[in-house]
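Step one of this worksheet: look at the structure below.
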Amino acid sequence: MEGRVVLVTGAAGGIGSAVVREMAGRGWRTAGLDLRPAPDADHSVGVDVAELAQVRAAIRRIERELGPVEAAVCAAGHHAIVPVSDIAWPDWRRMLRVHLGGMVNVCAVVAPEMAELGRGSVVPIISHLSVTGANAEAHYAAATGAVIGFVRSLAAELAPSGVRVNAVAPGPTDTPMLPPDSPSRRPSYLQGLPTGRLTSPEEVALATAYLVEDATFCTGEILSPNAGTVL
């Protein structure tokens, strides 16, 4: 594994930075894409994943400095709790462009090159809400849910070339994206979970690393480390 390159979007965030650390500990060279600097990554590039031109330029730069990308983890995300009647069109557009568009942009650049290499793994980080939905989170659930359809279609398309596409759909995770006043942090909510606690970013990173390295028999799968939120 020494020297192989993994690209992580949202690498400055709670889950993204945990993925960077986990993959680095396994001998991968790490490249982070984020609006903010990603200090844990070997190479960090400031980029808006919703903009294809920025993503393409950043990946080309990473390839020159680190080598070909053999794994891509799309952890860039945006979250908001808003009643559906109050979601303005720009908010719908931004949510879709970051989650679905961000993954599409990354795959548009790395998937053909992985296929040419004859190997590779793509893993977006989505949410258990992709399956369950939630009150006042329609645009977040819709955007992350759309990624599932893309993952399964792309998995079928790329499987003959040796490239696998799977997703991780964590439940509520103890990161800054989950604000202190979130309903998911209330003792009454946590007591109702089978595990009695939130999932940690490090646990999501372990699930991600498993899909990248070990789950060679899996493609088109959705792995959901959700502390028993969804049974």
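Using only the Cα atoms of region 1-72, what semi-axes does the equivalent ellipsoid have when each is the square root of 5 times a gyration tensor eigenvalue? Give whole Å, largest first.
The answer is 18, 15, 8 Å, longest axis first.
Would you list 218, 107 from fewest to most Cβ contacts within 10 Å?
218, 107
Tally Lys/Arg at +1 and Asp/Glu at -1 over every other residue whose Cβ is under 14 Å from the Cβ of residue 165; what's the total?
Values: positive: 119, 152, 164; negative: 70, 157, 221.
Around residue 165, the charge tally is 0.
Output wanted: per-residue J couplings in Hz (rounded whole) for region 82-97, from phi through Karplus 6.51 cos²θ - 1.76 cosθ + 1.60, θ = phi - 60°, x for Gly and Pro.
9, x, 4, 5, 9, 7, 6, 4, x, 6, 4, 4, 5, 4, 5, 5
If you wrap a convex hull around the C-alpha atoms of region 110-198 and split its volume per residue, what is the figure in Å³?
Values: hull volume 10.6 nm³, N = 89.
Spread over its residues, the Cα hull of region 110-198 gives 119 Å³ apiece.
Rounded, prolate or oblate, given the Cα gyration tensor of the chain, with a/c below 1.5 counting as rounded?
Because a/c hits 1.5 or more and a/b exceeds b/c, the chain counts as prolate.
Given a Förster radius of 22 Å and the C-beta distance between residue 213 and residue 177 as r, what FRET efficiency does 1/(1 + (r/R0)^6) yield to the nearest 0.05? Intermediate results must be reported in sequence, preceding the final value.
Values: r = 26 Å, r/R0 = 1.16.
Between residue 213 and residue 177 the formula returns 0.30.
Take the alpha-carbon centre of region 1-33, take the same for region 155-182, and report the distance between them in whole Å.
Cα centres, region 1-33 to region 155-182: 14 Å.
What is the fewest-to-most order of 203, 157 by other Cβ atoms lying within 10 Å of their Cβ?
In order of increasing Cβ crowding within 10 Å: 157, 203.
Would you grab the residues whose amide H sits under 5 Å from the one on residue 164? Only those 5+ places off in sequence or on another chain, please, with H modelled 1.01 Å from N.
Close amide H contacts, sequence-distant or interchain: 120, 121, 122.
For region 201-231 and region 77-93, what is the separation of their C-alpha centers, rounded to whole Å?
Distance between centres, Cα-based: 27 Å.
Which residues in region 57-82 place their backbone N less than 12 Å from a point set 7 Å from the Cα of residue 26 along the Cα-to-Cβ direction?
71-73
Using helices alone, what [θ] at 222 nm do you get for the chain, with -39,500 (n - 2.57) per DSSP H run of 4 or more residues, divided over all residues and rounded to the nearest 500?
-11500 deg cm²/dmol, from helical runs alone.
Output the relative contact order of the chain, whole-number percent, from Cα pairs under 8 angstrom with separation of 6+ residues.
Working: 478 pairs, mean separation 45.6, N = 231.
It rounds to 20 percent for the chain.
Compute, for the chain, the length of the dipole vector about the Cα centre, with Cβ point charges of +1 (Lys, Arg) and -1 (Asp, Glu) only. Units Debye, rounded to 20.
180
Under 5 Å between amide H atoms, partner at least 5 residues away or on a different chain: which partners does residue 199 have, H built in plane at 1.01 Å?
Close amide H contacts, sequence-distant or interchain: 174.
Any read-out appearing in this document is the output of simple, stated calculations on the displayed coordinates, not a laboratory observation. All of these numbers come straight from a predicted model, not from anything done at the bench. Cβ: placed from backbone, ideal geometry, glycine included. Neighbour counts: every protein chain shown.
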